[in-house]
Amino acid sequence: MNKRSKLHRVMIGRAEELSFVQFDIAGVPAKIDTGAYHSAVHASDIKLSKDGKTLTFNLLGNHPVCGVFAIPVSTDKFDKTLVANSFGAEESRYEVKLRVKLGPKVVTSPFTLADRSKKVYPILIGRKMLNGRYVVDTSHTSVDRAELKKKYSIAFPVDEEGGRKG
């Protein structure tokens, strides 16, 4: 890696606010996960048209933290990809490119569509988006998960992201 590319990296924390530039949605909490390759965004009502050419979904639909930002999306630019979770189980998901702002950078990056309704963060940012653009300082965060849970009265029986009950 050359010296110039290191200078253009932005330092971010373990959780940040992200904006969807193309939909004028700002301030959505995102978990930064350097262990994940793919980025994922919460989506509901994911449907493929009968001819297989158009994918529709509700971006952020029904998520406990950001469901108020929900917006219907229809696109003919999508792929299918296999995603492995931390336990090694694979899942086939649709992947779409979204224009987002994280820190001062605006980028177009692929996101898999996932049901993250049982997770505090509606967005997970993986290495595919981070590499060459961001450096993660895990001692820093712009979004506090405990405050999010309290603010939105989120009480999952098991906090899948926190790895603990409550």
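Remarks
- Segment 78-86 - phi-based ³J(HN,Hα) in whole Hz, Karplus 6.51/-1.76/1.60, Gly and Pro as x: 7, 9, 10, 9, 8, 10, 9, 7, 5
- Each Lys or Arg adds one and each Asp or Glu subtracts one; over the other residues with Cβ under 14 Å from the Cβ of LEU18, this totals +3.
- Residues of type aspartates and glutamates that LYS80 reaches as a straight line, Cα spacing below 20 Å, ignoring anything fewer than 8 places off in the same chain: ASP45, ASP51, GLU90, GLU91, GLU95, ASP115
- For the chain, built as a Gaussian network whose Cα springs stay under 10 Å, the top-fluctuating residue of LYS128, LYS50, LYS118: LYS50
- Residue-by-residue Karplus 3J(HN,Hα) for segment 122-127, coefficients 6.51, -1.76, 1.60, Hz, glycine and proline x: x, 10, 10, 9, x, 4
- Rounded to the nearest 20 debye, dipole of segment 53-149 from Cβ charges on Lys, Arg, Asp, Glu: 220
- Averaged over its residues, segment 1-123 has an accessible area of 56 Å² per residue, based on protein heavy atoms and a 1.4 Å probe.
- Among ILE32, ILE46, ILE123: highest mean-square fluctuation, GNM of the chain, C-alpha pairs under 10 Å: ILE46
- Most fluctuating residue given options ASN131, ASN58, ASN85, as computed from a GNM of the chain linking Cα atoms under 10 Å: ASN85
- For the residue pairs LYS53/LYS119; LYS50/LYS118; LYS50/LYS105; LYS97/LYS118, alpha carbon separations beyond 32 Å are given by LYS50/LYS105.
- Sulfur and carbon atoms: percent of accessible area, segment 1-134 [1.4 Å]: 49
- In order through segment 128-140: 3J(HN,Hα) via Karplus (6.51 cos²θ - 1.76 cosθ + 1.60), integer Hz, x for Gly, Pro: 4, 8, 6, 3, x, 10, 10, 10, 9, 9, 5, 7, 10
- Cα lying deepest toward the dipole's positive end in the chain, options PHE57, VAL100, VAL10, charges on Cβ: VAL10
- Overall, the chain carries a charge dipole of about 500 debye about its Cα centre when +1 sits on the Cβ of Lys and Arg and -1 on the Cβ of Asp and Glu, all other atoms neutral.
- Summarising the amide proton neighbourhood of THR54: residues at separation of 5 or more, or on other chains, whose placed amide H is nearer than 5 Å comprise SER49.
The values are calculated or read from the model by the stated rules, or taken from the named source; none is laboratory data. The structure displayed is predicted, hence computed values, not measured ones. So basically every Cβ, Gly included, is an ideal-geometry build from the backbone, and we count neighbours across all protein chains shown. Please note that ligands, DNA and RNA were not included when accessible areas were found on the heavy atoms of the full protein model with its side chains. Shrake-Rupley method; radii C 1.70, N 1.55, O 1.52, S 1.80 Å.
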